[in-house]
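Nothing in this text is a laboratory measurement; each read-out follows from the coordinates by a stated rule. Predicted, not measured: the structure shown is a model, and the values here were computed from it. Heads up, the Cβs are rebuilt from the backbone with ideal geometry, glycines too, and the neighbour counts pull from every protein chain shown.
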Amino acid sequence: MLLVTGLLPLWNRLRASAVAQSLLAGANATVVGILLAALYQPIWTSAIDSGKSLALALILFAGLQVWKIAPWILVVIGAVLGGIFFVTTRASSNRSKPKYPDMDNPFSTW
């Protein structure tokens, strides 16, 4: 509390300064860029792997932003539909898998 009270006059001067406002705007943009990079690399590249999963993500985002559906309902819907997509994709990929490995590729697996 003492620190806040002591820095209050300085804070009021910083808020009025155009240079300080520019620095804070630049720091804010940097943080947003880092958060977007953190979202893209581990989450987007591993979760969005087909057109169906992209459509599901966009529909769930629209449900949150446009239709104002409660987040917990969207999580349940996303989990159920994601599970259905996973099961149907895995089942279809198992059927198309050849019985024997590709003999031209020594690194292929059974």
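Would you mind estimating how fast segment 1-47 diffuses translationally, via Stokes-Einstein at 25 °C and 0.890 mPa s with the Kirkwood radius over Cα pairs, in µm²/s? Translational diffusion coefficient: 187 µm²/s.
Where does each of 11-18, 48-55 land if you order them by average Cβ count within 10 Å, highest first? Intermediate results must be reported in sequence, preceding the final value.
Values: 11-18: 10.2, 48-55: 12.9.
Packing proxy ranking, top to bottom: 48-55, 11-18.
Here the simple spin-label model places points 7 Å from the Cα toward Cβ, and for residue 90 and residue 12 these points are separated by 6.3 nm. Tell me the label-point distance for the pair residue 81, residue 28, using the 7 Å Cα-to-Cβ offset, in nm and rounded to one decimal. Roughly 3.3 nm, to one decimal.
Restriction of the chymotrypsin sites (Phe, Trp or Tyr not before Pro) in segment 18-69 to DSSP coil positions whose beta-carbon has at most 10 other beta-carbons within 10 angstrom yields 67. Note that segment 27-36 has calculated 3J(HN,Hα) couplings of 5, 5, 5, 5, 5, 4, x, 5, 5, 5 Hz, one per residue in order, obtained from phi through the Karplus relation 6.51 cos²θ - 1.76 cosθ + 1.60 (θ = phi - 60°); glycine and proline are x.
3J(HN,Hα) along segment 61-69, derived from phi through the Karplus expression 6.51 cos²θ - 1.76 cosθ + 1.60 where θ = phi - 60°, amounts to 5, 5, x, 6, 8, 8, 8, 6, 6 Hz, with x in place of Gly and Pro.
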